[in-house]
Amino acid sequence: MSEARGEGRDQSGNLSFVVGCVDEDHRGSEEGGRIKNEGEMGKGEEEDDDKDDDSPPERQIVVGICSMMKKSKSKPMTEIMERLCKFEYITVVIFPEEVILSQPVDKWPLCDCLVSFHSKGTNQRFPLDKAVEYAKLRNPLLINDLNMQYYIQDRREVYRILQEEGIDLPRYAVLTRDPDRPEVCNLVEGEDHVEVNGEVFPKPFVEKPVSAEDHNVYVYYPTSAGGGSQRLFRKIGSRSSVYSPESCVRKTGSYIYEEFMPTDGTDVKVYTVGPDYAHAEARKSPALDGKVERDSEGKEIRYPVMLSAMEKLVARKVCLAFKQTVCGFDLLRANGHSFVCDVNGFSFVKNSMKYYDDCAKVLGNMVMRELAPQFHIPWSIPLEAEDIPIVPTTSGTMMELRCVIAIIRHGDRTPKQKMKMEVRHPLFFALFEKYGGYKSGKLKLKKPKQLQEVLDIARLLLAELGQHTDCEIEEKKGKLEQLKTVLEMYGHFSGINRKVQLTYLPNGQPKASSEEEECPTEGPSLLLVLKWGGELTPAGRVQAEELGRAFRCMYPGGQGDYAGFPGCGLLRLHSTYRHDLKIYASDEGRVQMTAAAFAKGLLALEGELTPILVQMVKSANMNGMLDSDSESLTDCQQRVKVRLHEIMQKDQDFTEADYQKLAPTGSPSLVTSMKTIGNPVRTCDQVYALIQRLTSQIRRRLEDPKSADLQLYHSETLELMLQRWSKLERDFRNKSGRYDISKIPDIYDCVKYDTQHNATLDLEDTLELFRLSRALADIVIPQEYGINKAEKMDIAQAYCLPLMKKIQLDLQRTHEDEAVNKLHPLYSRGVMSPGRHVRTRLYFTSESHVHSLLSIFRYGGLLDEVKDQQWKQAMDYLSAVSELNYMTQIVIMLYEDNNKDPGSEERFHVELHFSPGVKGCEDEENVPLGFGFRPASAENQEKQTNQGSLEDLSQDETDRALSLSEPISIKRSPMIRNRKTGSMEVLSETLPTSSKGTSYRLFPSCSCQSPEIKQTGLGFEGCSMVPSIYPLETLHNSLSLKQVDKFLNAVCEHSSDAHAKTMKALSALFDTSSQGYSQTHIYPHPPKALSSSETPVRSPECPLWYSSGPSSTVFSGRSSSPTSVNPDKNVSFSE
């Protein structure tokens, strides 16, 4: 041999893995002579002396490796080839790189089977043309087809082939730019979309260069999520992408534009070895935060996952379509489907010994099957079982955490502001029609282009109105000027900052007072509601991120790299792809950003919120699941508001009868607030006077030259602050001297914001204004959601029915353990429980949904307070909570005891927890104390180990929960709370090391701050402190899933029946009232918000608590699609 080096041995101990060429003289004597190395030649000659002259020499099949040296000498290739050489009749020869690059193909080594693939070397590219020429000359068995590798280098061809094979891929369009004719370019770029060859791609979308060798792929984000783009590239160190504020697409080069697929931040890489073998690994998506997760050896962390039957079929199709036996491709799992987004050609798994064994076995068998008969080599295909059943993971009496459901209010925000006006001008009706307002009777305008159109109309009408002087138009002029001023704020539009809602009124707006009766009201009109403010503040982001970080403590512990770090069990579950996480948020900007910040803390992500928001947060504005249209109140709400206004307009101290009317539930927080107020009108007088004093102080500050450049929190100016308070001053008391009670929440909102964030202004009497407005708000806000229990339930069901059904669905689907989000047990190294799988569903929403959901749990009949002492104590605690502040949480946790019979009621166990959110500015001494998180049973102290504390975070074991065999008794938590007002406290993950027989705080408070927020002497961003969040309190910890399911069923059924009756009445009313406008515009359907007559979510055949096997078993008996539970057509849920 001209150049040879031993790399492996055959079963006789001879060298069989060589690098280099063999001289012509040393070719074997069989037909089409092939290679043996020198050691084998010598041995063969000696054996020939002992044998008859008739016996043929032992024939070796030579497998040639023809690729750039970086690939052929890589660890995976070496590991696989060494194993391949263990086949008795196989020899491996590696073609040297200098021979491939500089020698003609007739001088290349000879081989029977060729493994050759295109790649880039250190300085040069692999000469694919020469490899094709060699294959024609020698005609070896090709493991990977060479001609198809030209196609794999062009993404357009890859997508064409995928499409022809019927393989799902994202919707796409190709933009080909001709350098000779740059003017021919079918691309139209809008602010939030691109149009390519007539195909529109709204942001987020992906822009890929047509050359597969170019890894500079960009993802563009919509303005509503913050805009900009994520720029992906070949891994450099620990980075694979970087965020850029640039929102415009590239103007040179040819690209594929495709729909962005929401994969919850995970990519799946699939590696085939022939059409019947596929290995899959999950990794963090490079577009998420751009940080590459690496292990102690510097390798990117990936975890083997299981493919569904459909995905295995896709792998087979890809392998056959591209004629690549060894082939890697990328799979995106989104919305319950799997899409192929890239085919890489020849690709090996890194760092999986099991894969190396399998790959060598499959390739060796393939080579022998094809070539052994040709060379008269005796060989038969070994038969082996392909799939081994998954082994159950849990044992012992402790329960395993299966599902966490949390409903969370958004974080701290700027004050919300709103202005209503009735409009009748044809331009507004034209705009309403243009954007499809007549389909539902309502229209929401948030996009910059839409808001610009509203601003143009306002400017036009103001120009016209300048010539008129009658009273009606003058009043309208004031509103139009306000509309114009607000839309012109900041000098640019952002969907997160402002929105306009238009509602069709068939007979105009009913007037609220007799003063307005002389104005004409005939004919239809539109109610225009302008909303602005309400943005998540930097403090709100910190709150959400810290709560996300603390939430990890609810999950089982970690091991290995995660050992010793509190809460890292969740990170391990998630990074090892055993955590099925979905995050939903309403379409409000502040809610979406809260969800993104929470996800950042929960999953220890880095960088900007925009990529996290786009990939991890699903907008759940379907069917009003998390959104509520406050403009369309139910009849019950209207009646409640009227009664509330009547009681609050009495100029006398509250009487006993008033206490009965306003607080029939006897809520201590409500009674305390009523006592603080005494006479509601006199209190409103005081509040009004304090607001006047406040606005005059701000005006004086504005006149002071020293305050000219004063910057308030979150870039607000003194002028904007004055506008805020002046509007409240105008709106709170009308011309007749009556107070508009609906403005009380706004007043409290503003003073709470300024007390916390703008305390450096030292404005007088703000604390007194805070105290009085808080007392009023503590009555008005909760009572707007119903005064007595029946009203509270009625209003709560109107808000929460879709969300309740979704929660019921979440609890049910936990037991339909499909293979997705499960590790493959055969290939998982360092994971003790590959079968563990925890489902997490997080719902971020606004105050209305949190109030409503809590009302359903309190008044819906879940448990009887008289019979259940724990529930009575929980109800007493909730009654004492006066405010559901920012970051309020309602948490449902489901556990499974695998030792109990699958049909037993004791098999599944539910816990209900609650936190009232962030701590207020003062009166912390009056905050009610709960009983801690998951209070332990004193009777069970000796029987259970460390029962009241979190799991040992160094073990990857099942979550330890309470035994249900004995009743639970509750002891008050011994932990002292920090009551420091306006403190810098955020959440801590440190816990007591031992708390036998006592309860503990899941997220106890401590003084620390987020490392990412710079602190100055004045607090965050120069002028604010971030208050801490109250820890979770357990409301109940011994519910059975059967109880919860029965309760949810009853609530949903009752709500459906009541809603159906209301709908019938409303649609009849609607048909009559809309006749007056039918000649011009006809509604095809009643308003969407009204149409929600539902049926129970779950089909009755299979009880919710039934499970057909242990938690690690793959269930295939029931479909996991939403249709399997037969929800009503008006409420459809996508996982």
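The values are calculated or read from the model by the stated rules, or taken from the named source; none is laboratory data. Keep in mind that what you see is a predicted model, and the values were worked out from it rather than measured. For neighbour counting, all protein chains shown are included, and Cβ atoms are generated from backbone atoms with ideal geometry for every residue, glycine included. Protein only, heavy atoms only, side chains kept; ligands, DNA and RNA dropped before computing areas. Shrake-Rupley method; radii C 1.70, N 1.55, O 1.52, S 1.80 Å.
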Residues in the range 273-306 that are on the phi < 0 side of the Ramachandran plot, at pLDDT 80 or above, within 26 Å of the chain's Cα centre (by Cα) and open to solvent by less than 40 Å² (accessible area, probe 1.4 Å) total 10
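Name the single residue that is modelled with the lowest pLDDT among those in the range 574-594 being under 16 Å from residue 555 (Cβ atoms) and among the basic types (Lys, Arg). So that I can check it myself, show each step before the final result.
Going residue by residue through the range 574-594, those that are under 16 Å from residue 555 (Cβ atoms) are 574-583.
From what's left, among the basic types (Lys, Arg): 578, 582.
Details: 578: 68, 582: 88.
The qualifying residue modelled with the lowest pLDDT is 578.
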The lone condition residue 116 fails out of (1) surrounded by fewer than 17 Cβ atoms within 10 Å (Cβ to Cβ); (2) among the small types (Gly, Ala, Ser); (3) within 47 Å of the chain's Cα centre (by Cα) is (1)
query = Any residue at all in the range 313-326 that is farther than 23 Å from residue 581 by Cα, at pLDDT below 85 and open to solvent by 40 Å² or more (accessible area, probe 1.4 Å)?
reply = no
The correct count of residues that are outside any loop (DSSP other than H, G, I, E, B) and without any contact (Cβ under 8 Å) to a residue 60 or more places away in the chain in the range 333-382 is 2
Note on the range 225-235: residues open to solvent by 60 Å² or more (accessible area, probe 1.4 Å) and modelled with pLDDT under 90 are 234, 235
When restricted to 675, 661, 641, the only residue within 37 Å of the chain's Cα centre (by Cα), open to solvent by 50 Å² or more (accessible area, probe 1.4 Å) and either more than 17 Å from residue 791 (Cα to Cα) or of a type in the set (D, E, K, R) (or both) is 641
Log entry, pairs with first residue in the range 660-686 being farther than 19 Å from residue 880 by Cα and part of a helix (DSSP H, G or I), second being modelled with pLDDT under 95 and among the basic types (Lys, Arg), beta carbons closer than 7 Å, six or more apart or on different chains, reads 680/650; 681/650
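Consider residue 200 carefully, then state whether it is at negative phi, of a type in the set (Val, Ile, Thr), in a strand (DSSP E or B) and at pLDDT 90 or above. Break it down stepwise before answering.
Values: at negative phi: yes; of a type in the set (Val, Ile, Thr): yes; in a strand (DSSP E or B): yes; at pLDDT 90 or above: yes.
The answer is yes for residue 200.
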Pairing a residue in the range 276-298 that is more than 22 Å from residue 219 (Cβ to Cβ) with any residue that is open to solvent by less than 20 Å² (accessible area, probe 1.4 Å) and of a type in the set (Val, Ile, Thr), where Cβ atoms lie under 6 Å and the two sit 6 or more apart in sequence or on different chains, gives 278/270; 278/272; 279/349; 280/268; 280/270; 280/305
If you go through 238, 211, 247, the only one that is in contact with a strand residue (DSSP E or B) (Cβ under 8 Å, 6 or more places away or on another chain), loosely packed, with under 13 Cβ neighbours inside 10 Å and among the hydroxyl-bearing types (Ser, Thr, Tyr) is 238
Of the listed residues (194, 188, 206), the one being farther than 27 Å from residue 594 by Cβ, out of contact with any Gly (no Cβ under 6 Å at 6 or more places or on another chain) and crowded, with 19+ Cβ neighbours inside 10 Å is 194
Residue 366 meets each of (1) of a type outside the set (Lys, Arg); (2) at pLDDT below 90; (3) under 30 Å from residue 325 (Cα atoms); (4) surrounded by fewer than 21 Cβ atoms within 10 Å (Cβ to Cβ) with one exception, condition (2)
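With respect to residue 72, determine if the residue is within 24 Å of residue 379 (Cβ to Cβ) and either open to solvent by less than 30 Å² (accessible area, probe 1.4 Å) or modelled with pLDDT under 90 (or both). Lay out the reasoning, then the answer.
Numbers: within 24 Å of residue 379 (Cβ to Cβ): no; either open to solvent by less than 30 Å² (accessible area, probe 1.4 Å) or modelled with pLDDT under 90 (or both): yes.
Judged against the criteria, residue 72 is not a match.
In the range 744-755, what residues are buried (at least 18 other Cβ atoms within 10 Å of the Cβ) and either β-branched (Val, Ile, Thr) or out of contact with any Pro (no Cβ under 8 Å at 6 or more places or on another chain) (or both)?
Filtering the range 744-755 down to residues buried (at least 18 other Cβ atoms within 10 Å of the Cβ) leaves 744, 746-755.
Result: 744, 747, 748, 751, 752, 754, 755.
So, residue 79, is that one open to solvent by 10 Å² or more (accessible area, probe 1.4 Å) and either at pLDDT below 50 or closer than 22 Å to residue 145 by Cβ (or both) or not? Please lay out each step first, then the result.
Numbers: open to solvent by 10 Å² or more (accessible area, probe 1.4 Å): yes; either at pLDDT below 50 or closer than 22 Å to residue 145 by Cβ (or both): no.
So residue 79 fails the test.
Of the residues that sit in the range 89-113 and are among the acidic types (Asp, Glu) and buried (at least 17 other Cβ atoms within 10 Å of the Cβ), which one is modelled with the highest pLDDT?
Once the filter is applied, the top-ranked residue is 112.
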Kindly evaluate residue 515 against the criterion of being part of a helix (DSSP H, G or I), open to solvent by 10 Å² or more (accessible area, probe 1.4 Å) and at pLDDT below 95.
yes
Per the filter on the range 394-422, residues surrounded by fewer than 22 Cβ atoms within 10 Å (Cβ to Cβ), under 25 Å from residue 500 (Cβ atoms) and out of contact with any Lys or Arg (no Cβ under 6 Å at 6 or more places or on another chain) are 416, 417, 419, 420, 422
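In this structure, is residue 254 of a type in the set (S, T, N, Q), modelled with pLDDT of 90 or more and more than 30 Å from residue 598 (Cα to Cα)?
Details: of a type in the set (S, T, N, Q): yes; modelled with pLDDT of 90 or more: yes; more than 30 Å from residue 598 (Cα to Cα): yes.
Yes: the conditions hold for residue 254.
Listed here are the residues, each with its yes/no results for (1) part of a strand (DSSP E or B); (2) surrounded by 24 or more Cβ atoms within 10 Å (Cβ to Cβ); (3) modelled with pLDDT of 90 or more.
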{"residue": "519", "(1), (2), (3)": "no, no, no"}
{"residue": "529", "(1), (2), (3)": "yes, no, yes"}
{"residue": "550", "(1), (2), (3)": "no, no, no"}
{"residue": "596", "(1), (2), (3)": "no, yes, yes"}
Only one of (1) surrounded by fewer than 16 Cβ atoms within 10 Å (Cβ to Cβ); (2) closer than 25 Å to residue 645 by Cα; (3) β-branched (Val, Ile, Thr) does not apply to residue 683, and that is (1)
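When you look at residue 358, is it surrounded by fewer than 16 Cβ atoms within 10 Å (Cβ to Cβ) and acidic (Asp, Glu), yes or no?
Values: surrounded by fewer than 16 Cβ atoms within 10 Å (Cβ to Cβ): no; acidic (Asp, Glu): yes.
No, not satisfied.
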Picked from the range 149-185 (must be among the aromatic types (Phe, Trp, Tyr) and open to solvent by 60 Å² or more (accessible area, probe 1.4 Å)), the residue farthest from residue 249 (Cα to Cα) is 150
The condition from (1) exposed (fewer than 14 other Cβ atoms within 10 Å of the Cβ); (2) at pLDDT 90 or above that residue 378 misses is numbered (2)
* Asked: Could we say that residue 736 is open to solvent by 60 Å² or more (accessible area, probe 1.4 Å), under 34 Å from the mean Cα position of the chain (by Cα) and modelled with pLDDT under 90 here?
  -> no
